[in-house]
1. Return the residues of segment 103-120 that are of a type in the set (D, E, K, R) and either in contact with a helix residue (DSSP H, G or I) (Cβ under 7 Å, 6 or more places away or on another chain) or closer than 28 Å to THR93 by Cβ (or both); say none if nothing qualifies.
2. Can ILE345 be described as within 30 Å of PHE280 (Cβ to Cβ), surrounded by 16 or more Cβ atoms within 10 Å (Cβ to Cβ) and modelled with pLDDT of 90 or more?
3. State whether one or more residues within segment 337-348 are aliphatic (A, V, I, L, M) and not in a strand (DSSP E or B).
4. Quick check on my filter: what residues within segment 280-323 are touching a residue at least 60 places away in the same chain (Cβ under 8 Å) and not aliphatic (A, V, I, L, M)?
5. I'd like to check something: does segment 359-377 contain any residue that is assigned by TED's automatic domain parsing to the domain that holds GLU427 and in contact with a helix residue (DSSP H, G or I) (Cβ under 6 Å, 6 or more places away or on another chain)?
6. I'd like the full set of residues that are among the acidic types (Asp, Glu) and touching an Asp or Glu at 6+ places or on another chain (Cβ under 8 Å), limited to segment 307-341.
7. Does LEU429 satisfy the condition of being more than 18 Å from MET311 (Cβ to Cβ), touching a residue at least 40 places away in the same chain (Cβ under 8 Å) and not charged (D, E, K, R)?
8. It is to be established whether one or more residues within segment 145-157 are under 19 Å from the mean Cα position of the chain (by Cα) and modelled with pLDDT under 95.
Amino acid sequence: MANYVSWIRSKVGHENMKKTALAMLSIVVLLAGCSGQPENNANNEVIQNSESFIEQSESQSEISSAPETEKAATKWEDIWYATREYPSKAEETEFSKLSAEEKTDVLNPPQDLLDEMTTRELAELTLRYPLFSVMPWYDDTQKDIQLSIYAGYSKIYEEILKRDDHVEAILQAYRNLELNRNASETEMLTDESWQAEYFVENFVLANGNNFTDKQRSDYLEIVQERTETYYSKIDGCKLGRISFDTAKTPYRKYYFYNVELPNRNGGGLMSTPYIEYSDFLHGMTSAVLYDESEELEIWDIVKDNKLECTMLDLDGDGVDEMLIQSVDSPGTYNGVFHCEDGRVICWNHDANEGACRDYPLEDGTMVRQYDTNGSTIYTIFKYLPNGKIKEINKLFARQELMPEDSTEPCPYYSLDGREMKKEEFEEVLESMVNSVVLAKDAWSALSVP
């Protein structure tokens with residue numbers, strides 16, 4: 001009967017509820033008489049009891065609504081009852097004229113409706129809160145504060161947190177959320193779908209420690225699905241996604257999306273086996289150092305560097321390696337990455353030795369140039385399929401004594417330990433190195449927003 005009264009109120013409003021309900025009950029009694037049931041005082045008793053119940057329900061409603069609820073426009077509540085949706089969707093113009101406090105009130109459904117909503121309904125509404133764009137946002141260390149503010153704004157979010165299945169419901173709503181991948185970076189700040197993205201990230205950061213293994217697995221599966229459907233379609237964009245460390249603690253990782261690798265055979269993004277390199281650049285996977293002593297992420301390389309990369313088959317196995325270096329400055333950073341069994345293995349990761357740098361020649365041979373104490377050493381080598389190197393030639397040039405009182409011969413030039421004159425050395429250096437260095441246009445800048 002209570003549900004019946006609530007339904008009547010939602011359809012005809014509070015003032016006409018009693019009259020309408022009694023009329024409908026009278027029809028029920030009349031139909032009962034027409035069906036051959038004997039008329040007696042029982043029918044009158046039904047009406048009297050129903051009238052008493054309705055009056056009691058109205059009285060309770062008036063007490064519970066009190067002055068504060070009566071101040072809220074019945075119109076907004078009627079929209080809630082009729083649509084089970086935020087009233088701001090139906091009355092955008094009028095909603096925009098409300099004060100901030102009034103908007104917050106209007107976006108909270110009547111308590112009886114809130115109580116009867118399923119967790120799934122609450123989750124869908126939680127991800128589409130119309131005031132997300134004007135809520136204060138905090139950095140990752142203050143995510144709990146931001147979510148507490150949301151709970152203070154929204155009775156919907158406050159209510160869903162009380163439900164035992166709220167994590168599953170929010171993740172399912174997130175799985176179904178369509179993302180506006182055409183939004184510009186400025187539009188992302190107000191776009192409803194992107195605001196929902198930010199909320200879920202903060203929700204997982206704040207609550208992921210308490211996730212079950214299945215909830216963590218489901219979340220990561222959803223992120224992968226959304227990467228394939230949405231994130232990977234966003235040109236040159238850097239986005240933060242939530243991952244879990246070995247202690248199952250959530251943390252934010254930044255990914256590059258749709259970074260184009262240079263493909264000497266033409267075409268856009270490279271296909272297998274180059275997708276493994278792309279995933280590494282996107283931050284979706286890590287690279288393993290050649291001795292498997294530790295893992296390396298793209299953010300270990302990026303830092304403040306402007307990067308460029310190229311693809312060359314360095315070990316002769318028919319699969320290109322990926323070479324990354326700082327733009328115009330391989331001494332700042334240079335790295336070599338190999339793909340094997342679906343993994344990216346880092347053969348060289350040099351971010352410390354500014355005086356030493358590796359760079360490629362046109363045929364995939366490498367040069368390690370080391371400037372030290374007035375001398376320069378050029379070691380020409382090839383990579384083997386296991387990541388080790390095989391030296392081919394070594395050129396040495398000493399053009400300045402350091403320290404000045406050194407007894408070493410200067411100037412001094414040699415090839416593989418054989419001394420030679422400066423002119424001969426310069427010819428050899430030109431033919432073996434300088435004239436066959438991989439051209440500048442073979443490198444492509446990585447899109448780092």
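The values are calculated or read from the model by the stated rules, or taken from the named source; none is laboratory data. Everything numeric here is computed off the predicted structure, so don't read it as measured data. All Cβ positions, glycine included, derive from the backbone under ideal geometry; neighbour counts span all protein chains shown.
1. Within segment 103-120, LYS103, ASP105, ASP112, ARG120 qualify.
2. Yes, satisfied.
3. no
4. PHE280, TYR290, LYS306, GLU308, CYS309, THR310, ASP315, GLY316, ASP317, GLU321
5. The answer is yes, given that some residue of segment 359-377 is assigned by TED's automatic domain parsing to the domain that holds GLU427 and in contact with a helix residue (DSSP H, G or I) (Cβ under 6 Å, 6 or more places away or on another chain).
6. The answer is ASP313, ASP315, ASP320, GLU321.
7. Considered against the rule, which asks whether it is more than 18 Å from MET311 (Cβ to Cβ), touching a residue at least 40 places away in the same chain (Cβ under 8 Å) and not charged (D, E, K, R), LEU429 comes out as yes.
8. yes
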